[in-house]
Amino acid sequence: MYKLHTWLPEGGNEPDSLDQFDNLEKHTQWGIEFVERYNKFVKDRTEIEISYAKQLRNLSKKYQPKKNSREEEEQRYTSCQAFLAILNEMNDYAGQHEVIAENMSGLIFAELSRYIQELKQERKLHFQEGRRAQQHIESCWKQLENSKRRFERDCKEAERAQQHFEKMDNDLNVTKADVEKARQQAHTRHHMASESKTEYSNVLQNFNKEQHEHYYTNIPNIFQRIQDLDERRIVKIGESMKTFSEVDRQVIPIIGKCLDEITKAAESIDEKHDTQLVIEAFKSGFEQPGDVEFEDFSQPMKRTVSESSLSNSRSDGKQESKGGKSKGKLWPFIKKNKGSGPEDFSNLPPEQRRKKLQQKIDEINKEIQKESDQKDGLMKMKDAYIKNPQLGRPETVDPKLAEIEQTIEKLRQESQKFEAWLAEVEGRLPVRTDQPRRPSEMHELQSTAVNNCAQDRESPDGSYTEEQNQDPELKVAAQCEFDDEFDDEEVLAAIGTCKAMYPFEGQNEGTIAMAEGETLSVIEEDKGDGWTRVRRNEDEEGYVPTSYVEVYLDRNTKGAMTYI
């Protein structure tokens, strides 16, 4: 216990107490202020952890690849994937610092704040009790002092009265009555001195008892409780410091896992894989150019073209193309055109063109699927209206269905156009036949024919040989003959009839216009490309969208079958 009091005798019998209450009060107040200071330190550390975690999260978010941007395309490279993994791990790393802040706030700061309030209240009670004990012993001491002074005064008065009585008794001139009066006065003073003595003795005994109890029981107990309070404070601060360490230690394994994942991501980088992706992304598809032939300008050259040179230029141009010496070989050395470029991506190298065309076809197919899903939903809605008329009128859905059908048809035509270009790039051009082409094939044939015609009109040296004043017969011989395939067609028998649900303008080559409600003969059913071949009045044939008509096939040809 805090034994801070001493006995200092004065005059042999007057004790004085130096209990050091002021010193203890100052020390315990400092102890509480120290706990508050440490608690403030924990709070500042918590705020730092929260701020650090927030900055880490913002950093991770800042460098995340943006959607629909070049950065998202770069994620196919292993180095970019590793960097993305590091960003994700940094986000988890920030989460652990948030855990540190949360645990410090709950396990240390909040707990110490509550404990400080309890400590202040308990300390206040102990010192109030000590002050009361001190005031009590001081009161007893004053009572003892008063009793002692009274006893001293009464003794002196009794002694003076006794001396006065003896003087009066020895004086012959004093009457007997005066002597008796002096004797009574002396007797009274002696009696008062005796009572004062008894009172002083009792007060002294009581004071000694109170003093003994004060210094050996009350004050030691109060000091002991103050000592216990201070020791508990010291233990508490030590436990809080230990918790401060444990809060960090608990997240070290998880932080270690984050660092291990970062190392793992770094080790997953494959330089061969990344460079191969670059090769696949930028390879042109061109063959390596051959040797440049020597041109002998010392020999005279015939640069005029005779009337029979057209056929020669055709054969020479084809041989040059096969030999790998055409103009196309110079593509890698031609600067790219600025802007969006042609629709068929013909300005790109073959391999890049193939990828762009395939990407475009995939996008169109997604749009077709989206529209088809929307159509299915409307069809279900129409069926629900038919079964339950109170829900709505079925015919209200028809305009939207027609609009979707037109959109799907346009998308299919667009897809077939790009598929034709893709087939051209991949060397899968369809073989010419005597059958009339469907509208989806016409664009491919035309573009192929035009290209072939252009090649046939090219001379061996790359110059264009067809002149404006060329003989008409020569021009006819140089033209492509793909239109002739529609002549002398075999007349096909009708296999059923169809009724137009919607009007169709038939502006594309190979199609036929029809009015809403018109009935036509079906001579070739839909082969899966969305077109049905029909005839009007035995002399006009063409294709119409299958989704625009109701088809009724004869039983003797295709069986009893009706479809929309």
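The values are calculated or read from the model by the stated rules, or taken from the named source; none is laboratory data. Here the structure is a predicted model, which is why all the values come from computation and not from measurement. As a convention, Cβ positions derive from the backbone with ideal geometry for all residues, glycine included, and neighbour counts pool all protein chains shown. These area figures cover heavy atoms from the full protein model, side chains too; ligands, DNA and RNA do not enter into them. Shrake-Rupley method; radii C 1.70, N 1.55, O 1.52, S 1.80 Å.
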When the stretch 197-242 is checked residue by residue, the ones that are of a type in the set (S, T, N, Q) and within 52 Å of the chain's Cα centre (by Cα) are Ser240
Would you be able to tell me the number of residues in the stretch 49-66 that are more than 15 Å from Asn103 (Cα to Cα) and open to solvent by 70 Å² or more (accessible area, probe 1.4 Å)? 10
Contacts under 6 angstrom Cβ, first residue in the stretch 363-383 being of a type in the set (Lys, Arg), partner open to solvent by less than 80 Å² (accessible area, probe 1.4 Å), 6 or more apart: Lys375/Ile404; Lys382/Pro394; Lys382/Val397
Of (1) open to solvent by 40 Å² or more (accessible area, probe 1.4 Å); (2) assigned to a helix (DSSP H, G or I), Thr46 satisfies all except one. Which? (1)
Is there any pair with a first residue in the stretch 515-541 that is closer than 19 Å to Arg412 by Cα and assigned to a loop (DSSP other than H, G, I, E, B) and a second that is open to solvent by 50 Å² or more (accessible area, probe 1.4 Å) and among the polar types (S, T, N, Q) whose Cβ atoms are under 9 Å apart and which are 6 or more apart or on different chains, and what are they? Gly530/Gln413
Residue that is open to solvent by 80 Å² or more (accessible area, probe 1.4 Å), modelled with pLDDT of 75 or more and assigned to a helix (DSSP H, G or I), where the choices are Gln359, Gln319: Gln359
Please give the number of the condition Asn103 fails out of (1) free of Cβ contacts under 8 Å to residues at least 40 places away in the same chain; (2) within 30 Å of Lys264 (Cβ to Cβ). (1)
For the stretch 527-547, how many residues meet the condition of being surrounded by fewer than 19 Cβ atoms within 10 Å (Cβ to Cβ) and within 54 Å of the chain's Cα centre (by Cα)? 3
Restricting attention to the stretch 107-122, does a residue exist that is closer than 30 Å to Glu210 by Cβ and assigned to a helix (DSSP H, G or I)? yes
Of the residues Phe504, Phe486, which single one is at pLDDT below 50 and among the aromatic types (Phe, Trp, Tyr)? Phe486
Picking from Gln117, Gln162, Gln134, Gln121, which residue would you name as being free of Cβ contacts under 8 Å to residues at least 40 places away in the same chain and open to solvent by less than 90 Å² (accessible area, probe 1.4 Å)? Gln162
Taking the condition open to solvent by 60 Å² or more (accessible area, probe 1.4 Å), among the hydrophobic types (A, V, I, L, M, F, W, C) and farther than 30 Å from Phe223 by Cα, does Leu172 pass? yes
Consider the stretch 191-210. How many of its residues are aromatic (Phe, Trp, Tyr) and more than 15 Å from Lys156 (Cβ to Cβ)? 1
